[in-house]
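Some notes on the structure that comes next.
The values are calculated or read from the model by the stated rules, or taken from the named source; none is laboratory data. Treat the numbers as computed from the prediction; the structure is a model and nothing was measured. Using ideal geometry, Cβ is built from the backbone for each residue, glycine included, and neighbour counts are taken over all protein chains shown.
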Amino acid sequence: MTKKPARIRADEITPGRARGGELRIVLGPGTVGSRSGYMGTTVLQPGDRVVEHFHPYSEEFLFCIRGEQVLDIEGEEWTLSPGEAMYVPIGLRHRLRNVGDTEALNIYHLGPLAPDPSLSHIDTEIIADPQARTANGKSETARIMFSMRVAEEKRADFLAAYEKVRYSVANTPGHIRDQICQSPDDPAQWMITSEWTSVADFFAWEKSEEHKDLVRPMRACYTDPEFRSFAVVAETAGVHR
């Protein structure tokens, strides 16, 4: 198939914020049908960071346009100033931080493409929206819990459909993280937990046309769905020594 040139304005792309900063995939399979990789922009405010992650199938090329930053690669700090570029090999954990007093802007390219969008990056840490606060100043996120039954013959299709949903929702404003769980006692019983900055953010996504089209293949694979939503008012983390 013959491809045609395409021009995209970066400010017309909705930024993803779930992984820190503002990430935009400007030229990629979803915008121009590219096949070898994708290119985008990263905007970080002072003190912001993109969470640590790695790319199991892609090399990353990062060029700094403005701002003073540090790129942590496997625990080693690399400074990154305007006009400088960094190369991150496949499989190395890395985290980008704005350590300056002004906004930072970068252009990045990743290639080759992963065999599935859900495998383009693997996060090794998480970050919540620091603006998700209640009136008393405490964090109060929302957890959505969704259980269902999946027959063994539909399990592969169900997981493949879920991976596409997971990859898409990661770039949705207000989304923090997802988990999918399978019962060890009843392999047909599954549960998805989804954490959001608020229940309103979840329902804004859930009622969108994009959501309806995205989850349709997954819905064809399960039965007996049950839905619950909760507000997280307190959370205890273990101390690891």
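General remarks:
- For segment 29-40, the count of residues that are modelled with pLDDT of 90 or more and under 12 Å from ASN106 (Cα atoms) is at least one.
- Residue match in segment 66-80 (condition: under 20 Å from ILE13 (Cα atoms), at pLDDT below 90 and not charged (D, E, K, R)): no
- Selection count, segment 146-189, where residues are surrounded by 18 or more Cβ atoms within 10 Å (Cβ to Cβ) and farther than 24 Å from SER120 by Cβ: 2
- Subset of segment 9-46 [under 19 Å from VAL99 (Cβ atoms) and in a loop (DSSP other than H, G, I, E, B)]: ARG19, GLY20, GLY21, GLN45, PRO46
- Filter result (among the polar types (S, T, N, Q) and over 27 Å from ILE176 (Cα atoms)) within segment 1-44: THR2, SER34, SER36
- A single member of PRO184, PRO225 is outside the structural domain of HIS55 (by TED's automatic domain parsing), farther than 23 Å from HIS53 by Cβ, in a loop (DSSP other than H, G, I, E, B) and at pLDDT 80 or above, and it is PRO184.
Okay, residues lined up against (1) in contact with a helix residue (DSSP H, G or I) (Cβ under 9 Å, 6 or more places away or on another chain); (2) modelled with pLDDT of 80 or more; (3) closer than 18 Å to ARG17 by Cα:
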| site | (1), (2), (3) |
| --- | --- |
| TRP190 | yes, yes, no |
| ARG216 | yes, yes, no |
| SER229 | yes, no, no |
| GLU235 | no, no, no |
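Each row is one residue, and each column tells you yes or no for (1) under 20 Å from the mean Cα position of the chain (by Cα); (2) touching a residue at least 60 places away in the same chain (Cβ under 8 Å).
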| site | (1), (2) |
| --- | --- |
| PRO29 | yes, yes |
| ARG35 | no, yes |
| THR41 | yes, yes |
| GLN45 | yes, no |
| VAL50 | yes, no |
| TYR57 | yes, yes |
| GLU76 | no, no |
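- Restricting segment 148-181 to residues that are of a type in the set (Gly, Ala, Ser) and either modelled with pLDDT of 90 or more or outside the structural domain of CYS221 (by TED's automatic domain parsing) (or both), the residue that is farthest from LEU119 (Cα to Cα): ALA151
- Verdict on GLY100 being at pLDDT below 95 and among the small types (Gly, Ala, Ser): no
- The test for being hydroxyl-bearing (Ser, Thr, Tyr), surrounded by fewer than 16 Cβ atoms within 10 Å (Cβ to Cβ), in contact with a Phe, Trp or Tyr (Cβ under 8 Å, 6 or more places away or on another chain) and at pLDDT below 90 does not hold for THR141.
- Of all residues in segment 79-97, those being surrounded by 14 or more Cβ atoms within 10 Å (Cβ to Cβ), within 16 Å of LEU44 (Cβ to Cβ) and out of contact with any Cys (no Cβ under 9 Å at 6 or more places or on another chain) number 4.
- Test: residue in segment 12-25 that is under 21 Å from PRO82 (Cα atoms) and at pLDDT 95 or above: no
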